[in-house]
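As structure tokens, the structure follows; a few thoughts come after it.
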């Protein structure tokens, strides 16, 4: 059970301090990258990853919500990203996974809430991480969508059945209450933004989320 605080919810004017403040409870740092095209918002890019890399040894987990990740994957690898997740909805999935392998970064695949299991099942044995969105990507602070839970269970069952070393990550509306549902469904990596960085004590908030996930984790019903 791993916690990935999302820096999208951090204070960008004091990002280094914010990251240092959660390092005691973070297993990964989740970096949301938006291009204003694939999703209706614009966020950060490789220069911010370069800056983060100078200030932390944490695993940098970059979620690329962009229409042309192939053009930017080399820049993220050079900036110090440990892994990137590209969206299955943009296509060319096999090529993008191959490109990430060639660049020496972990290969992740992200899936929108309404994308069916059959759209990505064939890639489960080719990736390191599957990111199942529990909100529609593009904006932080959205409400968790419980209708994604059956898909999480199906993925977890398939990963277990095939013995695949795939981390199952969830992102969207995750807090100490909703994490119980996704952990119980089989998720193992939890992206939390405002629930961590918006808390009075981010470290204590992160610990509560992880403890709730551990308590609610497998075996699944």
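The values are calculated or read from the model by the stated rules, or taken from the named source; none is laboratory data. None of these values were measured; they are calculated from a predicted model. When we count neighbours, we look across all protein chains shown, and the Cβ atoms used for this are built from the backbone with ideal geometry, even at glycine.
Some points to look at:
- Qualifying residue in the range 55-62 (condition: within 13 Å of the chain's Cα centre (by Cα), closer than 22 Å to residue 109 by Cβ, outside any loop (DSSP other than H, G, I, E, B) and in contact (Cβ under 8 Å) with a residue 40 or more places away in the chain): yes
- Residue match in the range 132-145 (condition: in a helix (DSSP H, G or I) and touching a helix residue (DSSP H, G or I) at 6+ places or on another chain (Cβ under 9 Å)): no
- Some residue of the range 39-59 being at pLDDT below 95, under 26 Å from residue 125 (Cβ atoms) and in contact with a helix residue (DSSP H, G or I) (Cβ under 7 Å, 6 or more places away or on another chain): no
- Residue 74 being farther than 26 Å from residue 22 by Cβ and modelled with pLDDT under 95: no
- Complete set of residues in the range 185-215 that are under 23 Å from residue 85 (Cα atoms) and out of contact with any strand residue (DSSP E or B) (no Cβ under 7 Å at 6 or more places or on another chain): 185, 194, 195
- Of the residues making up the range 153-170, those that are closer than 16 Å to residue 131 by Cβ and either assigned to a loop (DSSP other than H, G, I, E, B) or modelled with pLDDT under 95 (or both) are 164, 165, 166.
- Any hit, the range 197-213, residues being within 16 Å of the chain's Cα centre (by Cα) and assigned to a strand (DSSP E or B): no
- Restricted to the range 72-108, and to residues there that are in a loop (DSSP other than H, G, I, E, B) and without any contact (Cβ under 8 Å) to a residue 24 or more places away in the chain, the residue that is surrounded by the fewest Cβ atoms within 10 Å (Cβ to Cβ) is 91.
- Condition check for residue 120: at pLDDT 95 or above, within 19 Å of the chain's Cα centre (by Cα) and either surrounded by fewer than 20 Cβ atoms within 10 Å (Cβ to Cβ) or under 25 Å from residue 149 (Cβ atoms) (or both): yes
- Qualifying residue in the range 15-22 (condition: part of a loop (DSSP other than H, G, I, E, B), at pLDDT 90 or above and buried (at least 19 other Cβ atoms within 10 Å of the Cβ)): no
- Given (1) in contact with a strand residue (DSSP E or B) (Cβ under 7 Å, 6 or more places away or on another chain); (2) farther than 17 Å from residue 128 by Cβ, index of the condition residue 63 fails: (2)
- Looking across 148, 191, one residue alone is surrounded by 20 or more Cβ atoms within 10 Å (Cβ to Cβ), without any contact (Cβ under 8 Å) to a residue 60 or more places away in the chain and within 20 Å of residue 89 (Cβ to Cβ). It is 148.
- Unmet requirement for residue 39, which otherwise passes all of (1) within 19 Å of the chain's Cα centre (by Cα); (2) outside any loop (DSSP other than H, G, I, E, B); (3) surrounded by 19 or more Cβ atoms within 10 Å (Cβ to Cβ): (2)
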